[in-house]
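Student: Dropping the structure in here first, questions after.
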Amino acid sequence: MILARVKGSIVSTSKNEKLVGYKLLIVEPIENDAPTGREILAVDGVGAGIGEKVIIACGSAARLGIDRNDAPVDAAIVGIVDEIQ
């Protein structure tokens, strides 16, 4: 899993039918509480908003994280971070 911050959203009026109803967000991975400078497109499975720190699952874990084993998903937001200690 990856820690990231939500940077923005993607609007797609035409997409795979298995993604209909899911919000697509741009996230930037964080390392040592600093942005990495790269961005990932992730399916939002938890209702995250712009500016929030989130937990990202990648690969087959992403599909499991949103209960869509048959969807073309490589990254999914599976948690919103409340606090880091």
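The values are calculated or read from the model by the stated rules, or taken from the named source; none is laboratory data. Values in this document were obtained by computation on a predicted structure and should not be read as measured data. Glycine gets a Cβ as well: all are built from the backbone with ideal geometry, and neighbour counts include every protein chain shown.
Student: In region 1-22, what residues are surrounded by fewer than 16 Cβ atoms within 10 Å (Cβ to Cβ) and over 13 Å from P72 (Cβ atoms)?
Tutor: Matches in region 1-22: M1, K7, G8, S9, I10, V11, T13, S14, G21.
Student: Take the conditions in contact with a strand residue (DSSP E or B) (Cβ under 8 Å, 6 or more places away or on another chain) and at pLDDT below 95 and apply them to A62. Does it pass?
Tutor: yes
Student: Taking the criterion of being over 11 Å from the mean Cα position of the chain (by Cα) and not β-branched (V, I, T), would at least one residue in region 20-29 satisfy it?
Tutor: yes
Student: Among R68, R63, which is of a type in the set (K, R) and in a loop (DSSP other than H, G, I, E, B)?
Tutor: R68
Student: For residues in region 44-59 being within 10 Å of the chain's Cα centre (by Cα), under 15 Å from K23 (Cα atoms) and of a type in the set (A, V, I, L, M, F, W, C), which is surrounded by the fewest Cβ atoms within 10 Å (Cβ to Cβ)?
Tutor: Going through the qualifying residues, I end up with V46.
Student: Something else: Which of (1) surrounded by 15 or more Cβ atoms within 10 Å (Cβ to Cβ); (2) out of contact with any Asp or Glu (no Cβ under 7 Å at 6 or more places or on another chain); (3) among the hydrophobic types (A, V, I, L, M, F, W, C); (4) over 16 Å from M1 (Cα atoms) is the odd one out, the single condition L25 does not satisfy?
Tutor: Only one criterion is unmet by L25, namely (2).
Student: Which members of region 1-29 meet the condition of being in contact (Cβ under 8 Å) with a residue 40 or more places away in the chain, of a type in the set (S, T, N, Q) and more than 19 Å from R63 (Cβ to Cβ)?
Tutor: If the condition is that a residue be in contact (Cβ under 8 Å) with a residue 40 or more places away in the chain, of a type in the set (S, T, N, Q) and more than 19 Å from R63 (Cβ to Cβ), then S9 is the only one that fits.
Student: Within region 72-85, can you find the residues that are closer than 16 Å to K15 by Cβ and surrounded by fewer than 17 Cβ atoms within 10 Å (Cβ to Cβ)?
Tutor: Scanning region 72-85 gives P72, D74.
Student: Another question, then. Which count do you get for residues in region 2-57 that are on the phi < 0 side of the Ramachandran plot and part of a loop (DSSP other than H, G, I, E, B)?
Tutor: 17
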